[in-house]
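Please read the structure below before turning to the comments.
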Amino acid sequence: MLNVKRLELLLDVVELGSVTAAGAKHGYSPSGVSQQLRRLEAEVGQPLLQRHTRGMVPTEAGHVLASHTRRILRQLAAAESDLAGIAGLGRGSVTMGTFPTLGGSFLPLVISRFKKQYPAIELRVRSSRFEELVEMLENGQVGLSLLWDYEWDRIQPETFALTTVFEDATVLIVGKEHRLARRKQVAMADLSAEEWIVRGDEHPVVEVLHRSSEAAGFTPRIAFEANDYQEAQAMASVGLGIALAPRTAVVNKHPGVSILSLGASAPSRRILLAHRHERVRAAAEIAFQGTLLDVAKDPGAAF
């Protein structure tokens, strides 16, 4: 790893034309600058400067490294500016997208912490279905958005810049009087005789059920199609059937149901934070992402 301070000295020697001028700028003696540059040449493995009647002249390698150093220093300055902005954010705004299960579980924890950390930042949240969230990201209506995917239908990294937030396990909802209600974990293979409550409108959890049951060697018998997870829980509570759901969808648990782990017998979904690749991100947006990822790592978070 090249030393940034030595790179900066090299650039100043190249631009100012002398070791003495570069040393005066940084508070080094000429011999101190020369010593640092010799170390840099040892790191690089080739000469970077040669003495000329008009002062120090860069070699070809020196020109190349000086050019890279200009970009590096600009990026470091931008990073320092962003960090300074985050440390003392007194203005700015974030517009983000989410979907209902995250909006009712994980995201409020993030918003609560973010507002305490950055009370002056304006935060706007749009909740919608997956297709609308993608469209809002593409047309700039939101700067970043929570999305999800399963292993058989991954969002391609060329589409958006993606950061994995956490894995959202698939769990089983059963009524309190169900024969399995007191167990902590079951496998899909144990459920071949059950009747199922599913989400309607070709909801993704329906595909999770069919893939999981097929892997377990049975075809599920559908008893009821629910409009949302609250309705699915209510119907499971009175024994109409059992249901699958992402864990975040049952944070607000119906009092009449038990939630069981399915272990590896049902696939989890990946929760992602997405933004456009070409987007120039403001400090407020970077700060929000940092808070979101911190909450996701918090073992005490209730999602």
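Table for the structure above
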| read-out | value |
| --- | --- |
| Qualifying residue in the stretch 58-66 (condition: surrounded by 13 or more Cβ atoms within 10 Å (Cβ to Cβ), touching a Phe, Trp or Tyr at 6+ places or on another chain (Cβ under 6 Å) and not polar (S, T, N, Q)) | no |
| Considering residues of the stretch 100-111 that are in contact with a helix residue (DSSP H, G or I) (Cβ under 9 Å, 6 or more places away or on another chain) and closer than 20 Å to A232 by Cβ only, the residue most open to solvent (accessible area, probe 1.4 Å) | P100 |
| Residue that is least open to solvent (accessible area, probe 1.4 Å) [pool: residues in the stretch 112-133 that are over 23 Å from Y229 (Cα atoms) and in a helix (DSSP H, G or I)] | F114 |
| First in the stretch 58-73 and over 15 Å from N3 (Cα atoms), second anywhere and open to solvent by less than 90 Å² (accessible area, probe 1.4 Å) and of a type outside the set (A, V, I, L, M, F, W, C), Cβ under 6 Å, 6 or more apart | T59/P47 |
| Close pairs (8 angstrom Cβ cut-off, 6 or more residues apart or separate chains): more than 17 Å from G290 (Cβ to Cβ) in the stretch 111-130, open to solvent by less than 90 Å² (accessible area, probe 1.4 Å) and assigned to a loop (DSSP other than H, G, I, E, B) anywhere | E122/G92; R126/Q141; R126/V142; S127/F99; S128/F99; R129/F99; F130/F99 |
| Test: residue in the stretch 8-26 that is of a type in the set (K, R) and over 38 Å from the mean Cα position of the chain (by Cα) | yes |
| E80 exposed (fewer than 13 other Cβ atoms within 10 Å of the Cβ), acidic (D, E) and modelled with pLDDT under 90 | yes |
| Residues of the stretch 191-209 satisfying the condition of being within 22 Å of E131 (Cα to Cα) and out of contact with any Asp or Glu (no Cβ under 8 Å at 6 or more places or on another chain) | D201, E202, H203, P204, V205, V206, E207, V208, L209 |
| Hey, E151 closer than 29 Å to D294 by Cβ, open to solvent by 20 Å² or more (accessible area, probe 1.4 Å), modelled with pLDDT under 95 and assigned to a loop (DSSP other than H, G, I, E, B) or not | no |
| Some residue of the stretch 86-99 being charged (D, E, K, R), surrounded by fewer than 19 Cβ atoms within 10 Å (Cβ to Cβ) and either farther than 24 Å from A287 by Cα or at pLDDT 90 or above (or both) | no |
| Among residues of the stretch 191-214, those that are in a helix (DSSP H, G or I), touching a Leu at 6+ places or on another chain (Cβ under 8 Å) and surrounded by fewer than 15 Cβ atoms within 10 Å (Cβ to Cβ), counted | 0 |
| Selected residue (criterion: nearest to P204 (Cα to Cα)) from residues of the stretch 166-185 that are open to solvent by 20 Å² or more (accessible area, probe 1.4 Å) and in contact with a helix residue (DSSP H, G or I) (Cβ under 6 Å, 6 or more places away or on another chain) | A169 |
| Residue match in the stretch 266-285 (condition: of a type in the set (A, V, I, L, M, F, W, C), in a loop (DSSP other than H, G, I, E, B) and in contact with a Leu (Cβ under 9 Å, 6 or more places away or on another chain)) | yes |
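Results for (1) at pLDDT 95 or above; (2) hydrophobic (A, V, I, L, M, F, W, C), shown as yes or no for each residue.
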site: P204; (1), (2): no, no
site: V208; (1), (2): yes, yes
site: S212; (1), (2): yes, no
site: A215; (1), (2): yes, yes
site: F218; (1), (2): yes, yes
site: R221; (1), (2): yes, no
site: Q230; (1), (2): yes, no
site: A236; (1), (2): yes, yes
site: L240; (1), (2): yes, yes
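The values are calculated or read from the model by the stated rules, or taken from the named source; none is laboratory data. Just so it is clear, the model here is predicted, and its values are computed rather than measured. All Cβ positions, even for glycine, are placed from backbone atoms using ideal geometry, and neighbour counts span all protein chains on display. Protein only, heavy atoms only, side chains kept; ligands, DNA and RNA dropped before computing areas. Shrake-Rupley method; radii C 1.70, N 1.55, O 1.52, S 1.80 Å.
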